[in-house]
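Note sheet for the following structure.
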Amino acid sequence: MAYDGRLGRTVYSESSIDNFMDSHDRLQLARLRGLIRDVANFPKHGIIFKDITPLLADAAGFALATEYMTQPFRHLEVDLVVAVESRGFIFGAAIAKNLSTGFVPVRKAGRLPAATDGEEYVLEYGTNRVEIHRDSIRRGDKVLLVDDVLATGGTIAASARLIQRLEGELIGATFLLELAYLNGRSQVGNTPVQSVLRYEH
Ligand code: AMP
């Protein structure tokens, strides 16, 4: 656990300064880390895929993960949770429930039925386009972005651009895992980024 000056509160995560984390947090985070399965060469050769399905299947692990993802934003004003298809939806819906906010999906091209705005982005393993309903965010809405993994930051940067285009205010982004060596958080400027589990290599 550590005090985060930008968020103005104590946060619980491996992205906090280690020395401030108490032994209870360390144990809990180690337990969560043990529920992530590395799958080599999926979906392409050379990628180590972080499989979150063992964590999702564990009732205590899933509850703890969503609580840690929510906690730094619990006392901030948040109007909407925006989450990215598809694994982001799992955490985003739980976090929206925790924060009593609405939920807005960012989806892959062609999936949303009404008028959309879209952005192209580069993935760690390919390229993609994400879209959002034009009427899903009102000017000035305070938005929390959610996804499962922060890798290169391309997905979250594209989502942030969509929020900006709709004149929402991005107040933070929260992830279960961060592949810190890819420096994805640099893609969202000064936006506070929370990640529960940090991978340095
Ligand atoms: P990026 O745009 O590079 O930050 O990639 C983030 C998105 O790709 C997230 O939606 C993740 O679900 C997925 N992703 C990227 N790399 C991995 C990985 N090594 N393991 C699992 N998911 C990943």
Among residues of the range 121-144 being in a strand (DSSP E or B) and within 11 Å of the ligand (Cβ to nearest atom), the residue nearest to Asp79 (Cα to Cα) is Val130
Scanning the range 147-184 for residues that are assigned to a strand (DSSP E or B) and near the ligand (Cβ under 10 Å from one of its atoms) gives Asp147, Asp148, Val149, Leu150, Phe175, Leu176, Leu177, Glu178, Leu179
Here the qualifying pairs (Cβ atoms under 9 Å; residues six or more apart or on different chains; first in the range 182-201 and closer than 21 Å to Leu32 by Cα and among the small types (Gly, Ala, Ser); second away from the ligand (no atom under 14 Å from the Cβ) and in a loop (DSSP other than H, G, I, E, B)) come out as Ser195/Ser13; Ser195/Glu14; Ser195/Ser15
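Test Val193 against the criterion of being within 12 Å of the ligand (Cβ to nearest atom), touching a Phe, Trp or Tyr at 6+ places or on another chain (Cβ under 9 Å) and within 25 Å of Thr53 (Cα to Cα), and give yes or no. Lay out the reasoning, then the answer.
Values: within 12 Å of the ligand (Cβ to nearest atom): yes; touching a Phe, Trp or Tyr at 6+ places or on another chain (Cβ under 9 Å): yes; within 25 Å of Thr53 (Cα to Cα): yes.
For Val193, the condition - within 12 Å of the ligand (Cβ to nearest atom), touching a Phe, Trp or Tyr at 6+ places or on another chain (Cβ under 9 Å) and within 25 Å of Thr53 (Cα to Cα) - is met.
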Among the residues of the range 74-130, the number that are more than 20 Å from Gln187 (Cα to Cα), of a type in the set (Ser, Thr, Tyr) and more than 12 Å from the chain's Cα centre (by Cα) is 3
Picked from the range 69-91 (must be closer than 13 Å to Thr101 by Cα and of a type in the set (Asp, Glu)), the residue surrounded by the most Cβ atoms within 10 Å (Cβ to Cβ) is Asp79
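Restricting attention to the range 67-93, report how many residues are within 16 Å of the ligand (Cβ to nearest atom) and either out of contact with any helix residue (DSSP H, G or I) (no Cβ under 7 Å at 6 or more places or on another chain) or free of Cβ contacts under 8 Å to residues at least 60 places away in the same chain (or both).
So the first thing to find is which residues in the range 67-93 are within 16 Å of the ligand (Cβ to nearest atom), and the list is 69, 81-93.
Next, from what is left, pick out any that are either out of contact with any helix residue (DSSP H, G or I) (no Cβ under 7 Å at 6 or more places or on another chain) or free of Cβ contacts under 8 Å to residues at least 60 places away in the same chain (or both): 85-90, 92-93.
Total meeting the criteria: 8.
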When the range 57-74 is checked residue by residue, the ones that are part of a helix (DSSP H, G or I) and under 10 Å from Leu32 (Cα atoms) are Ala60, Gly61, Phe62, Leu64, Ala65
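Yes/no per residue for (1) β-branched (Val, Ile, Thr); (2) crowded, with 17+ Cβ neighbours inside 10 Å; (3) modelled with pLDDT under 95; (4) touching a Leu at 6+ places or on another chain (Cβ under 6 Å):
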| residue | (1), (2), (3), (4) |
| --- | --- |
| Ala151 | no, yes, yes, yes |
| Leu170 | no, yes, no, no |
| Ser186 | no, no, no, no |
| Gly189 | no, no, yes, no |
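The values are calculated or read from the model by the stated rules, or taken from the named source; none is laboratory data. None of the values given here were measured: they were computed from a predicted structure. FYI the Cβ positions are ideal-geometry reconstructions off the backbone, even for glycines, and counts take in every protein chain you see.
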